[in-house]
Amino acid sequence: MKRIWAFFLTVCMLFSTVIGFSFAEEDDGVVVLNILHTNDMHGSGIADASETMIRYSQIATMKDEFENAILVDGGDFTQGSVYVAMTDGLGAINAMRLAGYDVATLGNHEFTANRSHFISSLISESGEELVGSPVAVVAGNVLGDEVLDTQPDWCIIEREGVKVGFFGLATPTTLTTGNPAVNVGITIGNIIDAAQDAVDHLQDEGADVIVGVTHLGYDPEVVGKDGDSSNCVAENVEGIDVIIDAHFHQSMMGADAKQAGDTLIVSSGTGAAAVGNVEITVDANTGDILSCESEAITAADAFANYAEDQEVKDYLDRVCEEVDSITGRVFANISMGLYGGHYRNGENVASIARRGETNAVSLEADGRLREAQRYFEGTEYEDLPIVSLVCGGSCRTAIPAGDVSVAQIMDLSLNAGMDPSGVYVKTTGAVLWETVEWGLSCLIAQDPETGAISADGSYHGRYPNLAGAVYTYDIRKEGSTPLDFDPETYKMGSRLVSLTLDDGAEITKDSDVELILCTNEFELGGGDGYFCLQRAEEAGQLTRIGVSPISFLDATVNYMTEIYEATGDVYYPLTSGRVTVISDYHKDEFTSVVTVLDAAEAPVANTQAELFVNYGTEEGVKWVSMGVFTTDDNGQFSATLKKGPQETKVVIDGQESTVMYVDNIAGMLDTTLTMK
């Protein structure tokens, strides 16, 4: 049974001669606290600092420079880059320990086979592979982890006599979006009950300020005591002053911070693009909060104003050098970018591979398919059709045109592509139909005006991308329910309209056509809620017939190398027509707001710019002029673009801008182009 107690993690900015406390000066009677926060880093912050990514060594400097600073992370610090994959997460964890993080909670991406290792590496005083100081881990609604169960559900950190209480919450969808096979015995409790219990104990312990660190996501449409959003916690639990949120990769700082009752809700986005700061002014005599304000420190701000802490920098440099020596090999060249992941274009961020086809995820699926075809050559199964399933959450980033290294492919893939490229099962068309139907359940609707497809941020990682088959679905129809899968109430949806194998065979929901499905242990075990596969195996409708001897990474690299050696380029069309959507959206064009910035990211105002687009068809890269436009005072103009994915750039006086991707279907309508 989990031990419940509150404890003091005392860190002081100034030291008295007697004990490590220093109290507020009597002349002003106030204490100013600065709670610096990050979330959803996904292995970022380790490579060199830039104007788009803050490095942990800069975050360490921020903590040193801000008055009474407390440094907090909202989870998902592991999984997502080569630097965490190749170090079993220690690249990020040691960076957090060295940078002086005080508190962290767990994101769904920490719930892997390394879960207990991540937790113990954070909280341990020392260890053979550890550097820096321990970080308190709070996740009060998580039960069943042998390490976490020994830890308190909350902590109090003291600054100048002011007690700041912290508690943490993991998203209830963790066990659906995570791998059930490695989370046996783990339960995720009710977030409202866990939060109220923590707040009550923190108040009893005399906390002046109470902060929730939640890996939930803000969603104003999810309300009530049974909801699973950060605003549900704020609205149903009294006594929370600030919630530092995560999971949805939302940028909620400064003017974009949210207020729910008396609770301020903030989140710093993803990928170390920003660090948030909540400045709290407290009456030193009464403990009352006088003000609570949020601000964002962007990567550009940090690059200009925050030097790197030398100790943290030295550690990060060593990690990068060791990993890059293994993964830095360039093996191919691409004439057009590969797009996927949480793609950022200016202020617009969209999970493009979780709403439809992108060329990056299609490439990944095709690489798996090619490896499966090799595996079954000359076997009894070689004449069976093969379909490769790659869920949208497995495609993590984008790769720009140019040389491609092994490290970039590792960053492209979940867990750096270290998992086997395929677990092969023989099954039927009916099982494949139900599988695709389940994957489509994450989608919500398609906007009839803009064409943007919306998806449930807690579940859209399950979106089904295929190689070896194409499909058509009607987004207006009912999806499979419930989204978090309950065998007692499960009902298969009716969105899938047609499913056609590459050999022309039409699959129906009752089809007995035999085929090979290339998937992985995650989905087979019910990960992302794909319990239909687990149930099919239990019912004898799915039989395991092999496991690829190579990794997902090697399958992708081998496939790209094969193409590159044959053609001198790995060109992949932006769309290959694998998915067709039926909805009430019938327009052929959309309006895009184009923002043009100079190299210093200042608006290029009142200037003529020629806009070009590349549709990325099978014919190759062909830039088409959309006309000459004049930017306004904000460096912007509006242009009418053809629906669907395309690359954009502008040319001013013969000088080209960066190339950026837009796709109204994925919700990426506007584009921000920076002059080189």
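The values are calculated or read from the model by the stated rules, or taken from the named source; none is laboratory data. Because the structure is predicted, anything quoted here is derived from the model rather than measured. Neighbour counts run over all protein chains shown; Cβ positions are idealised from the backbone, glycine included. With ligands, DNA and RNA removed, areas are computed over all heavy atoms of the protein, side chains included. Shrake-Rupley method; radii C 1.70, N 1.55, O 1.52, S 1.80 Å.
Subtracting the Cα-Cα distance of S576 and A401 from 0.36 nm times their residue separation leaves 61.1 nm of extension gain. Take the Cα radius of gyration of segment 315-396 and divide it by 2.2 N^0.38 Å, N being the number of residues; the result is 1.48.
Between R318 and K587, the simple label model (points 7 Å from Cα in the Cβ direction) yields a spacing of 5.5 nm. Taking only the C-alpha atoms of segment 389-548, the Rg (one decimal) and the largest Cα-Cα distance, Dmax (whole number), read 16.2, 51 Å. Per residue, the chain reaches -6500 deg cm²/dmol at 222 nm when only DSSP H runs of four or more residues are counted, each adding -39500 (n - 2.57).
Computed with a 1.4 Å probe on the full set of protein chains, the accessible area for S57 sits at about 0 Å².
Note on segment 485-545: percent of Cα-Cα distances in each 5 Å bin, starting at 0 and stopping at the bin with the largest distance, equals 4, 13, 22, 25, 25, 10, 1, 0.
Summarise the accessible area of segment 186-320 (1.4 Å probe, protein heavy atoms) by the percent that is carbon and sulfur.
Details: 2180 of 5490 Å².
Roughly 40 percent of what the probe reaches on segment 186-320 is carbon or sulfur.
In units of the rule-of-thumb radius 2.2 N^0.38 Å, the chain shows an alpha carbon radius of gyration of 0.97.
In the assembled protein chains, S494 presents an accessible area of approximately 70 Å² (probe radius 1.4 Å). For segment 61-100, the percent of C-alpha pairs falling in each 5 Å distance bin, counted from 0 to the bin holding the largest distance, reads 6, 23, 25, 20, 14, 9, 4, 0. Extending 7 Å from Cα along the Cβ direction at T481 and again at E347 yields two label points whose distance is 3.6 nm. Of the accessible area of segment 32-123, with the probe set at 1.4 angstrom, what percent is carbon plus sulfur? Carbon with sulfur: 44 percent of the solvent-accessible area. Sketch the reach of a paramagnetic label on S638 as a point 7 Å from Cα along Cα-to-Cβ, and name the residues of segment 591-606 whose backbone nitrogen lies under 20 Å away. Only 591-597, 604-606 fall inside the zone, counting backbone N under 20 Å. The listed residues I444, I652, once ranked by accessible area (1.4 Å probe) with the largest placed first, stand as I444, I652. Normalised by residue count, segment 81-217 yields a Cα convex hull volume of 118 Å³ per residue.
Summing +1 for each Lys or Arg and -1 for each Asp or Glu, what net charge is found among the other residues whose Cβ lies under 10 Å from the Cβ of V278? List each step's numbers first, then the result.
Values: positive: none; negative: D241, E279, E293, E295.
Here the charged neighbours net out to -4.
Please compute the contact order of the chain in relative form: average sequence separation of alpha-carbon pairs under 8 Å and at least six residues apart, divided by the residue count, as a percent. Taking the mean separation of contacting Cα pairs over the length of the chain, I get 13 percent. May I ask you to derive the FRET efficiency for D28 and N305 from their Cβ-Cβ distance with R0 = 25 Å, giving the value to the nearest 0.05? Once the sixth-power term is evaluated, E becomes 0.45.
Can you tell me the convex hull volume per residue for segment 504-617, based on C-alpha atoms, in Å³ to the nearest whole number?
On the way: hull volume 31.8 nm³, N = 114.
Expressed per residue, the convex hull around the Cα atoms of segment 504-617 is 279 Å³.
These residues, K587, K509, go from largest to smallest accessible area, 1.4 Å probe, as K509, K587.
Each part gets one Cα centre, and for segment 610-676 versus segment 198-239 those centres are 42 Å apart. Equivalent ellipsoid of segment 623-676: semi-axes from √(5λ) of the C-alpha gyration tensor, largest first, are 19, 13, 11 Å.
At q = 0.21 Å⁻¹, work out log10 I(q)/I(0) for segment 463-504 with the Debye formula, treating every Cα as an identical point scatterer and leaving solvent out; two decimals please. These q points yield log10 I(q)/I(0) values of -0.77.
Please state, rounded to one decimal and in Å, the Kirkwood hydrodynamic radius that segment 169-213 gives when every pair of distinct Cα atoms enters the mean of 1/r. Please report the intermediate quantities before stating the final value.
Details: mean 1/r = 0.0815 Å⁻¹.
Radius from the Kirkwood sum: 12.3 Å.
Approximating the spin labels as points 7 Å out from Cα along Cα→Cβ, the K509-to-D204 distance works out to 5.2 nm. Under the criterion of Cα pairs below 8 Å and six or more residues apart, the relative contact order for segment 98-246 equals 23 percent.
Of all the accessible heavy-atom surface of segment 572-651, with the other protein chains kept in place and a 1.4 Å probe, what percent is carbon and sulfur? Working shown, then result.
Numbers: 1890 of 3970 Å².
Ligands and nucleic acids excluded, carbon and sulfur reach 48 percent.
To the nearest 10, the accessible area of K258 is 70 Å² with a 1.4 Å probe.
Computed over protein heavy atoms with a 1.4 Å probe, the accessible surface of the chain works out to 38 Å² per residue. Between V628 and T658, the FRET efficiency estimated from the beta carbon spacing at R0 = 22 angstrom works out to 0.70.
The base-10 log of I(q)/I(0) for segment 358-419, evaluated at q = 0.12, 0.29 Å⁻¹, reads -0.36, -1.25 [Debye formula, identical scatterers on Cα atoms, solvent excluded].
Working note: Karplus 6.51/-1.76/1.60 with θ = phi - 60° gives segment 132-149 the couplings x, 10, x, 10, 5, 10, 10, 7, x, 9, 9, 10, x, 8, 4, 8, 4, 5 Hz, where Gly and Pro are set to x.
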